[in-house]
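The values are calculated or read from the model by the stated rules, or taken from the named source; none is laboratory data. Quick caveat, the model's predicted, so the values are computed rather than measured. Ideal geometry is used to build each Cβ from the backbone, glycine not excepted, and the neighbour counts take in all protein chains shown. For the accessible areas, the whole protein counts, side chains as well, though only heavy atoms, and no ligand, DNA or RNA atoms are used. Shrake-Rupley method; radii C 1.70, N 1.55, O 1.52, S 1.80 Å.
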Amino acid sequence: MFQLRVNDMTCGHCVKTITKAVTAMDAEASLEADVETKLVRIDSARPVAELIRALDAAGYPATVA
């Protein structure tokens with residue numbers, strides 16, 4: 001499981017976009033997002049660098065938390 005900080009995540013729409021970006025590259029991934037703390041926990045077999053690139057491409061730059 002990876003934990004990422006996504007500072008631009010501010011609402012439910014952001015969470016939906018982030019979820020869509022992650023599941024587009026790994027349909028089996030599970031995701032938990034906390035808008036208040038700006039943290040996203042992702043359980044995926046994909047490397048964290050690929051997940052970060054997918055979020056960047058979706059407009060939500062992320063860093064490992």
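Charges only on Cβ, +1 for Lys and Arg, -1 for Asp and Glu: so what's the dipole of the chain about the Cα centre, in debye to the nearest 20?
120 debye
Please list, in chain and number order, the residues 5+ apart from residue 65 or on another chain whose amide H is under 5 Å from its amide H, with Hs placed from the backbone.
Counting only residues 5 or more places away or on other chains, the set is 3, 4, 5.
Per the helix-only calculation at 222 nm, which mean residue ellipticity applies to the chain, given -39500 (n - 2.57) for every DSSP H run of n ≥ 4 and division by its residues, nearest 500 deg cm²/dmol?
-11500 deg cm²/dmol
Pairs of alpha-carbon atoms within less than 8 angstrom and 6+ residues apart define the contacts here; what relative contact order does the chain have, in percent?
Relative contact order of the chain: 48 percent.
With axes computed from alpha carbons, what is the tilt in degrees of helix 48-57 against the longest principal axis of the chain, rounded to the nearest 10 within 0 to 90?
For helix 48-57, the angle is close to 50 degrees.
How large is the convex hull of the Cα atoms of the chain per residue, expressed in Å³ as a whole number?
Expressed per residue, the convex hull around the Cα atoms of the chain is 66 Å³.
Return the sequence-ordered ³J(HN,Hα) values of the stretch 5-10 in whole Hz as given by the Karplus equation 6.51 cos²θ - 1.76 cosθ + 1.60 applied to θ = phi - 60°, using x for Gly and Pro.
In residue order, the calculated couplings are 9, 10, 5, 7, 7, 10 Hz.
Sorting 38, 16 by accessible area (1.4 Å probe), largest first, what list results?
Output order, biggest surface exposure first: 16, 38.
Give me the extension gain from residue 10 to residue 23: residue separation times 0.36 nm, minus the current Cα-Cα distance, reported in nm with one decimal.
Length gained, residue 10 through residue 23: 2.7 nm.
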